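One structure below.
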Amino acid sequence: MQSHPYDSLTPDTVLDAVESQGYLSDARILALNSYENRVYQVGIDGAEPLIAKFYRPERWSEAQILEEHTFTQALAELEIPVVPPLTLGAGDTATTLAHWQQFRFSLYPRKGGQAPELDNADNLLILGRFLGRIHAAGQSRTFDHRPELDVQSFAIDSYRFLLDRQFIPGELITAYRSLCEDLIDKLQQIFPRIDYRRIRLHGDCHPGNILWRDQAPHFVDFDDARNGPAVQDLWMLLSGDRQQQTLQLSEVLEGYRQFCDFNTAELALIEALRTLRIMHYAAWLARRWEDPAFPHNFPWFNTQRYWAEHILELREQLAAMDEPALAVL
């Protein structure tokens with residue numbers, strides 16, 4: 001079996017990396033749920049545990065990682081509840097990104113919490129307020145190094161990768177190709193129609209990346225931060241039927257608009273953004289399939305049933321993009 005870079009990330013390597021930054025571990029280590037990167041809780045002698053994040057080799061450039069760190073640090077300085085990386089070292093050598101062997105890693109304080117209850121209107125209002133504050137800071141400039149949320153990278157590149165690497169079962173290729181060509185054509189029509197402002201986003205603001213504690217959210221894991229439309233950080237908070245989503249959206253935007261303007265024309269992008277996420281997710285799993293953690297944790301992927309259901313889901317999205325956009329009450 002072909003080796004994977006993470007094969008050499010042993011517990012001893014993790015502990016040695018953390019201790020290289022001046023900490024003394026108590027040798028307790030707990031792997032946390034993270035597949036794109038590797039994340040561990042590491043016990044520190046006489047102090048609170050730290051969270052050590054080891055970045056997937058060759059995914060982000062150093063400039064892209066540091067740009068994410070700078071953004072979260074700026075948000076924290078504005079007293080927005082995010083979890084920025086710790087500064088390591090001092091003076092001219094101070095940094096948030098350290099190196100150990102072939103790995104790049106950063107350290108974070110441990111923050112507890114649970115996913116927010118999104119059926120609570122007060123919680124949605126509070127989430128909207130903090131997202132408004134994040135976006136008010138995010139729109140002051142765009143990222144220079146981090147990528148764009150666009151049709152090319154999320155839809156076209158995903159579609160081509162899956163076909164080129166022969167992930168789609170032979171009997172489904174014709175249906176998949178025809179459907180994706182229609183989806184891409186529609187996506188390429190929708191985005192130019194909406195005059196939206198590109199801002200710095202969390203990028204992956206689903207409930208699993210929000211820790212609720214002390215009656216407030218803590219936004220974590222800015223690993224997918226990128227430039228894009230503001231609505232990208234809002235739509236994943238919505239669920240249920242159209243009426244339920246309309247009520248939820250109204251609560252979120254009521255809080256959001258206390259700190260940041262929102263262009264309601266962006267609501268017409270929600271189903272297009274959902275389509276991009278679905279296409280990108282399938283290709284993401286395929287791109288990582290050589291990582292042993294993925295077949296182990298996603299055993300349902302790359303089966304005949306998975307691809308048949310994926311095509312059905314995409315077909316539903318093709319229809320959904322023709323539906324009227326959500327409206328705000």
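The values are calculated or read from the model by the stated rules, or taken from the named source; none is laboratory data. Every value quoted in this text rests on a predicted model; they were computed, and no experiment measured them. FYI the Cβ positions are ideal-geometry reconstructions off the backbone, even for glycines, and counts take in every protein chain you see.
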(request) Consider only pairs whose beta carbons are under 8 Å apart and that are at least six residues apart or on different chains; among these, list those whose first residue lies in region 88-101 and is on the phi < 0 side of the Ramachandran plot and whose second residue is assigned to a loop (DSSP other than H, G, I, E, B) and of a type in the set (Ser, Thr, Tyr). (result) LEU88/THR96; ALA94/THR87; THR95/THR87; THR96/THR87; ALA98/SER20; TRP100/SER20
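For region 43-100, give me each residue that is among the small types (Gly, Ala, Ser) and surrounded by 13 or more Cβ atoms within 10 Å (Cβ to Cβ).
Narrowing region 43-100 to residues among the small types (Gly, Ala, Ser): 43, 46-47, 52, 61, 63, 74, 76, 89-91, 94, 98.
Residues satisfying the conditions are GLY43, ALA52, ALA74, ALA76, ALA98.
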(message) Give me the strands (runs of 3 or more DSSP E) completely within region 1-119, filtered to those with at least 3 residues that are under 24 Å from ASP224 (Cα atoms) and either at pLDDT 95 or above or not hydroxyl-bearing (Ser, Thr, Tyr) (or both), ordered by residue number.
(response) 38-44, 47-54, 98-100, 103-109
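For LEU66, are the conditions met, namely being assigned by TED's automatic domain parsing to the domain that holds SER239, under 18 Å from the mean Cα position of the chain (by Cα) and of a type outside the set (Ser, Thr, Tyr)?
No; evaluated as a whole, the condition is false for this residue.
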(request) Considering (1) in contact with a helix residue (DSSP H, G or I) (Cβ under 6 Å, 6 or more places away or on another chain); (2) buried (at least 19 other Cβ atoms within 10 Å of the Cβ), say which one HIS145 fails and leave the rest. (result) (2)
(message) With over 20 Å from the mean Cα position of the chain (by Cα) and of a type outside the set (A, V, I, L, M) as the only criterion, which of PHE154, PHE130, PHE167 stands out?
(response) PHE167
(request) Mind listing whichever residues of region 168-200 are in contact with a helix residue (DSSP H, G or I) (Cβ under 9 Å, 6 or more places away or on another chain), farther than 27 Å from ALA265 by Cβ and surrounded by fewer than 18 Cβ atoms within 10 Å (Cβ to Cβ)? (result) PRO169, GLU171, LEU172, ILE173, ALA175, ARG177
(request) Might you let me know whether region 197-219 holds any residue that is of a type in the set (Phe, Trp, Tyr), more than 24 Å from PHE71 (Cβ to Cβ) and touching a residue at least 40 places away in the same chain (Cβ under 8 Å)? (result) no
